[in-house]
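Reviewing the structure listed below.
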Amino acid sequence: MRIVRAMFSHVVIFWTHPDKPDAADALIAGAHQFLKPCPGIVLFHIGKTVASPRPVVEQSYQVALNIVFTDKAAQDIYQDHPLHVEFVEKVFKPNCRKVVVYDFAD
């Protein structure tokens, strides 16, 4: 019998400042520098919006981040981790005008 561990997904959608053409690249680089090394991460994936002809696909954002944690406790620790706090102050705040977060677990 295979035992499956519950995982916690943290999906963040970013809208960057339109007057900052390099904001998306700065956000991606900063996430790799500050967020990826945080403990408890099972999967780290960040990238830019991909154009789609399908009207159901949301395309108004510039960058999306998907982090899967071992569990909710790991995500709770991540929220207060010094690297996450540094990312918010040094990268997120100067480059983003809006953010939406989706958290879910199995």
TODO: Take Ser52 and decide whether it is surrounded by fewer than 18 Cβ atoms within 10 Å (Cβ to Cβ), among the polar types (S, T, N, Q) and either in a strand (DSSP E or B) or touching a Phe, Trp or Tyr at 6+ places or on another chain (Cβ under 7 Å) (or both).
DONE: no
Task: Per-region count, the stretch 55-82, residues in a strand (DSSP E or B) and under 16 Å from Asp106 (Cα atoms) - done: 4
Task: Residue count for the stretch 37-57, restricted to those that are out of contact with any helix residue (DSSP H, G or I) (no Cβ under 9 Å at 6 or more places or on another chain), without any contact (Cβ under 8 Å) to a residue 24 or more places away in the chain and not hydroxyl-bearing (Ser, Thr, Tyr) - done: 8
Open item on the list: Condition first: surrounded by fewer than 11 Cβ atoms within 10 Å (Cβ to Cβ) and within 12 Å of the chain's Cα centre (by Cα). Now tell me which residues in the stretch 1-44 satisfy that.
Closed with: Leu43
- [ ] Could you check how many residues of the stretch 59-72 are in contact (Cβ under 8 Å) with a residue 12 or more places away in the chain and over 11 Å from the mean Cα position of the chain (by Cα)?
- [x] 7
Open item on the list: Considering only residues that are exposed (fewer than 11 other Cβ atoms within 10 Å of the Cβ) and within 17 Å of Ile13 (Cβ to Cβ), which ones fall in the stretch 59-101?
Closed with: Ser60, Lys93, Val101
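Each value in this text was obtained by applying a stated rule to the coordinates, not by laboratory testing. Since this is a predicted model, take the numbers as computed values, not measurements. When we count neighbours, we look across all protein chains shown, and the Cβ atoms used for this are built from the backbone with ideal geometry, even at glycine.
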